[in-house]
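The block underneath contains the structure these notes are about, expressed in structure tokens.
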Amino acid sequence: MENRILVLDDDPGILEAIDLSLTYCGFKVRPMLSGDNVFRMIDDFEPDLIILDYLLAGRNGGEICQDLKSDPGKKNIPVIMLSAHPEAAVKNAQFGCDSFLPKPFDLNMLVNEIKSFINPEPIIIR
């Protein structure tokens, strides 16, 4: 069974790069450009891991992560926060994120970070 990853980033280029890379690595990816209906999508898609951009229109990724981690049915889903915002790394702990990667990031680092949560074998994108 493919591991399911929900990716929420409002930058179409970053979202596409992540989607293509993770699909290539054998993950089933559900990309989202907006945080609207993210909780309904989580209920429908049942992701094994969520990747969130910190800076989003409306509610930021930190707020979304806090809500996820306070929901008993969703709190065990690992969340990786991505951001170029300098304060996001500092605030990562208060949001309850499981990991943080600063933008720009290396796709191999992202894939290996994902694998550390859902499959311990490293994968290298060539």
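Give Asp43, Asp67, Asp53, Asp36 a once-over and let me know the one that is touching a residue at least 40 places away in the same chain (Cβ under 8 Å) and of a type in the set (Asp, Glu).
Only one candidate passes the filter, namely Asp53.
When Ile14 is tested against (1) free of Cβ contacts under 8 Å to residues at least 60 places away in the same chain; (2) surrounded by fewer than 22 Cβ atoms within 10 Å (Cβ to Cβ), only condition (1) is not met. Return the only residue of Tyr54, Tyr24 being among the aromatic types (Phe, Trp, Tyr) and within 18 Å of Arg4 (Cα to Cα). None of the other options fit; the residue is Tyr24. You will find that of Ile64, Ile42, the residue that is of a type outside the set (D, E, K, R), crowded, with 16+ Cβ neighbours inside 10 Å and modelled with pLDDT of 95 or more is Ile42 and no other. Among the residues of the stretch 51-61, which ones are buried (at least 24 other Cβ atoms within 10 Å of the Cβ) and either assigned to a helix (DSSP H, G or I) or at pLDDT below 85 (or both)? Within the stretch 51-61, Gly61 is the sole residue that qualifies. So, in the stretch 16-39, how many residues would count as being modelled with pLDDT of 95 or more, over 17 Å from Asn108 (Cβ atoms) and touching an Asp or Glu at 6+ places or on another chain (Cβ under 7 Å)? Adding up the residues that qualify gives 2.
The values are calculated or read from the model by the stated rules, or taken from the named source; none is laboratory data. None of the values given here were measured: they were computed from a predicted structure. Note that each Cβ is placed from the backbone with ideal geometry, even for glycine, and that neighbours are counted across all protein chains shown.
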